[in-house]
Amino acid sequence: MEKVVIGATGSITSSVAQESSKWLLEQLNYIRQYKKYVSDLETDLQMLKHRRGDMQGQVKQAEMNSKSIKKEVQAWLEEATKIIEASENFITASNIRSCSCLCNANLDLKHSLQMVQLLRNDSVMIIRVYGEKGMGKTTLVEKVAQEIEAIRYPSTCASDSFNYVALVTLPQATELNLTIKIIQGKIAERLGLQLEVEDEREKALRLLRRLEQMRRAVIILDGIEQPFDIKRIGIPVTKCKVVFTSARGIVCEQMRAQRSFGLAPLQEDEAWDLFKQLASDDNISCEEFEATARWMIRECQGSPFEIVIRACAFKFPVFLPGNQMTLAFDRDGKSIYRLCARALYIKHVEDTKYWKWFPSTDSSFPEVVEAIALWVLRVKGQIEAKLLSPNTNYGVYLLYKFKAESMGLKAVPLKASVLGVSTTCYFESELPESYQSGDGWKEVEMGRFFNHGHDNFVVTMVLEQVDGKKYGLIIEGIEIRPLANEEFEATARLNNSECQGAPLEIAMRACEFNLPNCLDGNQMTVALDGNGKRICRLCARALYIKHVEDTKYWKWFPSTGSSFSEVVEAVALWVLRVKGQIEAKLLSPNTNYGVYLLYKLKAQNMGLKNVPLKASVLGVSTTCYFESEVSESYQRGDGWNEVEMGRFFNHGHDDFMVTMVLEQVGGKKYGLIIKGIEIRPSVYEEFEETARLNTSECPGSAP
């Protein structure tokens, strides 16, 4: 088998990169002009809307005065309405079009011509295109299909032309029998052939008969993961040309490809030249941030597709597949993501009694959503941590606007959480949490987190408000962007001053900002929230749980979805009693704390939902519930539920223990899984004065 490696060391790649860069720059110029045309259209559209409104007002006034309306006026109003609707639909899709034409840019123009020439060689029937993900395999074969489609002729024409081409793109991780079925169906659809049978061999026979009637046909199979006999599909290999793409060497060997096109990564200098041509313009010079850009290029590992995406994202947000999320980069090369409203979970969003979707000309997304009448506002977003820049502090922001007529939203406290760490924030108010961003939308900070770069978790962000009627809120989406180091400086200085110069304590607190530290034999973790306050978690092993070592009642097992190595499940109980203790000196002084049991309920559970639980913290009792109609139990960002056991104010006394108890007696219970107890700063400031009053009555002694 002859192998043609299109690598970074050859003159072919240099030429292609140069030619591709020129083509992509033309696309950028096209996009700039395209956006200008769209902007002009938006201006004209607003003028037309105003004129239509004036005309409608005059018509209404005339009708009130019993005057007849000329047919020319009615026809003009109808035509104006049609033009407005068509223009709005065009503008709604403009952002997606402008970005997608760049993201789908072709980086293999010359390669495609070479392959078409090779397909005209009668001795070559099967060609393989191979290379790692992002090297441009799909882009190349799509271009080949376009080239063949452009030169197709009837069977009476030139002997080296083609009269049929079919491109089949396969989904990833598809079982082999399903792969065969998909290929047969797509080829038959392209041929206009009805395969009204289920048997694979009968389908293959019908396809074989039809394809043998073709003089010269090309079948392109994109994304082959497992080898198979091409005859199994029904392709006559003596008459049909086959091109397939694959990242696996064994596929090439077993499918007997006669030629191979290898797409190798670009070398760093070639990648840098491509990046510079794409990312530079009149306002941006790559030389100003060359070190950062070269680091980003190395992260791309020579992938032309990744380089194009990152270079373009330096200039403006680029839509990612699915058009529900955009990517951009700041000048430090850190990634900024925006999730559109369609990508979020919004409670009752599909019920038109509560929410209304509509296109927006001032949003980066085609649609935004407006609250019509709510009593419960709940917005939830998720993003994979591996998409974000590693070793980076991130802030999470809800992007919103208010209509002129709004209710129940301004200066009302909202509960927000990021990765399970809760805080209070506000829409427009006297407080500083809500800001006007540069694009005309407002933003409210939902929380902050440090991304280490671990690949195995999802960042969950939640915002909710459950009191009173609300309307007039418009949501664009959620933005996750890097924080400036200065935003953490004041808190960090305060924490360091409390360490009194002890290097070990300073190092520990610095680590706590980034990731929970394990203490006390790995049975407790300590971390810091965005205000530098300590958050402590006790694992289930650190708690007293009645009968926990008796396997008739409880079962220990490892958990991959927990920050601790083990969790415990209730097998069969009649008495549930959980008790935890922590030294007050481990907590931040002069701070309100809330205590929360972290748990899950199995699908098969009994005696736990809607059942009142007795809880106490420092001897102060309260009633709480697991999942129920009552609002004490919440779904956290890390996939666990929490139920509040109580609150207290920590003065900073070093000589007492904070004791926390939860119990329920009566009735059989099973299906409860306990992760541990979390003690974190409370976001409910209204309890502070009461807590101070209660604890001040106990000077010098344990509360």
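Would you call Thr560 open to solvent by 10 Å² or more (accessible area, probe 1.4 Å), among the hydroxyl-bearing types (Ser, Thr, Tyr) and modelled with pLDDT of 90 or more?
It is false that Thr560 is open to solvent by 10 Å² or more (accessible area, probe 1.4 Å), among the hydroxyl-bearing types (Ser, Thr, Tyr) and modelled with pLDDT of 90 or more.
Any idea how many residues of segment 406-442 are at pLDDT below 60 and among the acidic types (Asp, Glu)?
2
Mind counting the residues in segment 196-241 that are over 18 Å from Leu263 (Cα atoms) and in contact with a helix residue (DSSP H, G or I) (Cβ under 7 Å, 6 or more places away or on another chain)?
The number of residues fulfilling the criteria is 21.
Which of the following residues is in contact (Cβ under 8 Å) with a residue 40 or more places away in the chain and closer than 18 Å to Met657 by Cβ: Leu601, Leu538, Leu576, Leu613?
That would be Leu538, the only listed residue that is in contact (Cβ under 8 Å) with a residue 40 or more places away in the chain and closer than 18 Å to Met657 by Cβ.
Would you please list the contacts, defined by Cβ atoms under 7 Å and residues six or more apart or on different chains, that run from a residue in segment 405-423 that is touching a residue at least 40 places away in the same chain (Cβ under 8 Å) to a residue that is among the hydroxyl-bearing types (Ser, Thr, Tyr) and open to solvent by less than 10 Å² (accessible area, probe 1.4 Å)?
Close Cβ pairs (under 7 Å, with a partner that is among the hydroxyl-bearing types (Ser, Thr, Tyr) and open to solvent by less than 10 Å² (accessible area, probe 1.4 Å)) amount to Leu419/Thr460.
Taking Lys241, is it in a strand (DSSP E or B), charged (D, E, K, R), modelled with pLDDT of 85 or more and farther than 17 Å from Met135 by Cβ?
yes
Taking the stated definitions as given, is Ser616 open to solvent by 20 Å² or more (accessible area, probe 1.4 Å), assigned to a loop (DSSP other than H, G, I, E, B) and either closer than 23 Å to Ser422 by Cβ or modelled with pLDDT of 90 or more (or both)?
In short, no.
How many residues are open to solvent by less than 40 Å² (accessible area, probe 1.4 Å), assigned to a strand (DSSP E or B) and within 12 Å of Leu618 (Cβ to Cβ) when one looks only at segment 648-671?
Selection size over segment 648-671: 7.
Can you tell me how many residues within segment 370-396 are in contact with a Lys or Arg (Cβ under 7 Å, 6 or more places away or on another chain), within 24 Å of Lys469 (Cα to Cα) and part of a strand (DSSP E or B)?
5
Identify, please: which residue in segment 584-606 is out of contact with any Asp or Glu (no Cβ under 8 Å at 6 or more places or on another chain) and part of a strand (DSSP E or B) and is, among those, nearest to Val421 (Cα to Cα)?
Tyr593
Can you name the number of the only condition in (1) under 17 Å from the mean Cα position of the chain (by Cα); (2) farther than 29 Å from Leu586 by Cα; (3) at pLDDT 90 or above that Asn456 fails?
If we test Asn456 against (1) under 17 Å from the mean Cα position of the chain (by Cα); (2) farther than 29 Å from Leu586 by Cα; (3) at pLDDT 90 or above, just (3) comes out false.
When Ile673 is evaluated against the numbered criteria (1) at pLDDT 90 or above; (2) of a type in the set (Val, Ile, Thr); (3) under 16 Å from Cys536 (Cα atoms), which criterion, by number, is the only one it fails?
Every listed condition holds for Ile673 apart from (3).
Residues of segment 186-234 being free of Cβ contacts under 8 Å to residues at least 24 places away in the same chain and surrounded by 14 or more Cβ atoms within 10 Å (Cβ to Cβ), which ones?
Answer for segment 186-234, where residues must be free of Cβ contacts under 8 Å to residues at least 24 places away in the same chain and surrounded by 14 or more Cβ atoms within 10 Å (Cβ to Cβ): Lys186, Ala188, Leu193, Leu195, Arg210.
Anything in segment 622-647 that is open to solvent by less than 20 Å² (accessible area, probe 1.4 Å), at pLDDT below 90, under 18 Å from Thr423 (Cα atoms) and not charged (D, E, K, R)? List them, or say none.
Of everything in segment 622-647, those that are open to solvent by less than 20 Å² (accessible area, probe 1.4 Å), at pLDDT below 90, under 18 Å from Thr423 (Cα atoms) and not charged (D, E, K, R) turn out to be Gly637, Trp640, Asn641.
With the condition kept exactly as written, say whether any residue in segment 129-138 is surrounded by 13 or more Cβ atoms within 10 Å (Cβ to Cβ), modelled with pLDDT of 80 or more, outside any helix (DSSP H, G or I) and in contact with a Phe, Trp or Tyr (Cβ under 6 Å, 6 or more places away or on another chain).
Within segment 129-138, one or more residues are surrounded by 13 or more Cβ atoms within 10 Å (Cβ to Cβ), modelled with pLDDT of 80 or more, outside any helix (DSSP H, G or I) and in contact with a Phe, Trp or Tyr (Cβ under 6 Å, 6 or more places away or on another chain).
Mind telling me which of the residues Phe261, Phe228, Phe244 ends up being over 30 Å from Ile307 (Cα atoms) and among the aromatic types (Phe, Trp, Tyr)?
Phe228
Tell me, yes or no, whether segment 471-480 has at least one residue that is at pLDDT below 90 and open to solvent by 50 Å² or more (accessible area, probe 1.4 Å).
no
Just the residues that are outside any helix (DSSP H, G or I) and open to solvent by 80 Å² or more (accessible area, probe 1.4 Å), please, taken from segment 45-70.
Of everything in segment 45-70, those that are outside any helix (DSSP H, G or I) and open to solvent by 80 Å² or more (accessible area, probe 1.4 Å) turn out to be Asn65, Ser66, Lys67, Ser68, Lys70.
Given the condition modelled with pLDDT under 80 and within 45 Å of the chain's Cα centre (by Cα), answer yes or no: does some residue in segment 50-69 qualify?
Yes, the conditions are met somewhere in segment 50-69.
Residue-by-condition table, conditions (1) free of Cβ contacts under 8 Å to residues at least 12 places away in the same chain; (2) over 19 Å from the mean Cα position of the chain (by Cα):
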{"residue": "Ala341", "(1), (2)": "no, no"}
{"residue": "Glu350", "(1), (2)": "yes, yes"}
{"residue": "Pro366", "(1), (2)": "no, no"}
{"residue": "Thr392", "(1), (2)": "no, no"}
{"residue": "Tyr397", "(1), (2)": "no, no"}
{"residue": "Lys401", "(1), (2)": "no, yes"}
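Please determine whether any residue of segment 345-361 is at pLDDT 85 or above and touching a Ser or Thr at 6+ places or on another chain (Cβ under 8 Å).
So far as segment 345-361 goes, yes, one or more of its residues are at pLDDT 85 or above and touching a Ser or Thr at 6+ places or on another chain (Cβ under 8 Å).
Could you please find all residues in segment 505-557 being outside any strand (DSSP E or B), at pLDDT 90 or above and of a type in the set (A, V, I, L, M)?
If the condition is that a residue be outside any strand (DSSP E or B), at pLDDT 90 or above and of a type in the set (A, V, I, L, M), then Ala540, Ala542, Leu543, Val548 are the ones that fit.
Looking at (1) surrounded by fewer than 20 Cβ atoms within 10 Å (Cβ to Cβ); (2) closer than 28 Å to His452 by Cα; (3) in contact with an Asp or Glu (Cβ under 8 Å, 6 or more places away or on another chain), which is the only condition Lys380 fails?
Status for Lys380: all satisfied but (3).
Is there a residue being crowded, with 20+ Cβ neighbours inside 10 Å and either over 30 Å from Leu193 (Cα atoms) or modelled with pLDDT of 70 or more (or both) anywhere in segment 71-94?
No, segment 71-94 has no match at all.
Going by the structure shown, is Ala293 open to solvent by less than 40 Å² (accessible area, probe 1.4 Å), modelled with pLDDT of 75 or more and within 20 Å of Pro482 (Cα to Cα)?
For Ala293, the condition - open to solvent by less than 40 Å² (accessible area, probe 1.4 Å), modelled with pLDDT of 75 or more and within 20 Å of Pro482 (Cα to Cα) - is not met.
The values are calculated or read from the model by the stated rules, or taken from the named source; none is laboratory data. All of these numbers come straight from a predicted model, not from anything done at the bench. Positions of Cβ are generated from backbone atoms using ideal geometry, with glycine treated the same way; all protein chains shown enter the neighbour counts. Calculation scope for accessible area: heavy atoms of the full protein, side chains included, ligands and nucleic acids excluded. Shrake-Rupley method; radii C 1.70, N 1.55, O 1.52, S 1.80 Å.
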